[in-house]
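Since the structure comes first, as structure tokens, the remarks are kept for the end.
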Amino acid sequence: MMIAVVAPLIGAVVHFFRRHKDISGKSWRQYQRMKSHKRGAVNYPSTLMLNAHTLRDVLNEPGLSDTTVREAAGVLNERLKDKYFLVQSREGGKELFRKELKIRAGWMTLGPQLFRTDPETLKILKSKSVSDADDETEDNQGAIGEFDIFFRPIANWDVRHWLNHPSREVRIGIWVAMFATALEFGPELAEFIRALFTTPSR
């Protein structure tokens, strides 16, 4: 009886983690045939920067139809400052990387088909792209090639997001809290589980 109850629960948890690509429960938004800006990386950690008007149109953000690129960037950056997105980059149908990033709206010299990323993400993009010419280049030089970018919001209930949070301080705080909880309630929980699987004596 207990196996019949516990097994589906364990299966559901395993399935939940393996289906990370569907974990947000929302459809992908996409940019196709994008190019890395020649100026290279931006000075923001874990960030993908896109043109403000293009980002506005793809996200269907209200109230920004008549704004300049600079005005739209200001509003979007305020709205998106606390949100993380699951971002995937592809080249010729091949996945180059998939990671959680913040998305920032840009306006200065960032055209509709251009993007910039943080140094770490740009390095991954260069190392995995088809072109080998830019593998060891500096952060101030963009990646060579055309890329398809897909992204979608991370849901608040996404357990994987919190356990692997891009912010080191948040991630460490969560793991410390889990460890402290395990120390505090571990014996009682173990005893409870043992009791579930112990056949009562008559």
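The values are calculated or read from the model by the stated rules, or taken from the named source; none is laboratory data. Because the structure is predicted, anything quoted here is derived from the model rather than measured. Here the Cβ positions follow ideal geometry from the backbone for every residue, glycine too, while neighbour counts run over all protein chains shown. The area values use the complete protein model at the heavy-atom level, side chains included, leaving out ligands, DNA and RNA. Shrake-Rupley method; radii C 1.70, N 1.55, O 1.52, S 1.80 Å.
List of remarks:
- Among the conditions (1) buried (at least 20 other Cβ atoms within 10 Å of the Cβ); (2) at pLDDT 95 or above, Lys123 misses just one, which is (1).
- Filter result for Ala41 (touching an Asp or Glu at 6+ places or on another chain (Cβ under 6 Å), surrounded by 13 or more Cβ atoms within 10 Å (Cβ to Cβ) and of a type in the set (A, V, I, L, M, F, W, C)): yes
- Subset tally (residues that are part of a loop (DSSP other than H, G, I, E, B) and touching a Gly at 6+ places or on another chain (Cβ under 7 Å)) for segment 114-137: 3
- Filtering segment 144-158 to residues that are at pLDDT 95 or above and open to solvent by less than 10 Å² (accessible area, probe 1.4 Å) leaves Phe147, Ile149.
- Scan of segment 27-38 for residues that are open to solvent by 40 Å² or more (accessible area, probe 1.4 Å) and under 23 Å from Ala155 (Cβ atoms), ordered by number: Ser27, Trp28, Arg29, Gln30
- Test result for Arg98, assigned to a strand (DSSP E or B) and touching a residue at least 12 places away in the same chain (Cβ under 8 Å): yes
- Taking every residue in segment 59-83 that is farther than 30 Å from Trp162 by Cα and pairing it with any residue that is open to solvent by 40 Å² or more (accessible area, probe 1.4 Å) and in a loop (DSSP other than H, G, I, E, B), at least 6 positions away or on another chain, the pairs with Cβ-Cβ distances below 9 Å are Thr68/Trp107; Val69/Trp107; Val69/Met108; Arg70/Trp107; Arg70/Met108; Glu71/Trp107.
- Filter pass, Asp139 being at pLDDT 90 or above, open to solvent by 20 Å² or more (accessible area, probe 1.4 Å), on the phi < 0 side of the Ramachandran plot and not basic (Lys, Arg): yes
- The single condition from (1) modelled with pLDDT of 90 or more; (2) open to solvent by less than 30 Å² (accessible area, probe 1.4 Å); (3) part of a helix (DSSP H, G or I) that His161 fails is (1).
- Taken over segment 58-73, the criterion of being more than 24 Å from Gly142 (Cα to Cα) and surrounded by 14 or more Cβ atoms within 10 Å (Cβ to Cβ) is satisfied by Leu59, Glu61, Leu64, Thr67, Ala72.
- Flag for Asp118 being surrounded by 14 or more Cβ atoms within 10 Å (Cβ to Cβ) and either in contact with a strand residue (DSSP E or B) (Cβ under 8 Å, 6 or more places away or on another chain) or of a type outside the set (Ser, Thr, Tyr) (or both): yes
- Out of Phe150, Phe192, Phe179, Phe185, sole residue that is over 21 Å from Lys81 (Cβ atoms) and part of a strand (DSSP E or B): Phe150
- Looking only at residues in segment 92-112 that are more than 11 Å from the chain's Cα centre (by Cα) and open to solvent by less than 30 Å² (accessible area, probe 1.4 Å), the one that is nearest to Arg160 (Cα to Cα) is Leu96.
- Contacts under 9 angstrom Cβ, first residue in segment 168-195 being in contact (Cβ under 8 Å) with a residue 12 or more places away in the chain, partner of a type outside the set (Val, Ile, Thr) and assigned to a helix (DSSP H, G or I), 6 or more apart: Ile174/Trp162; Ile174/Leu163; Trp175/Leu163
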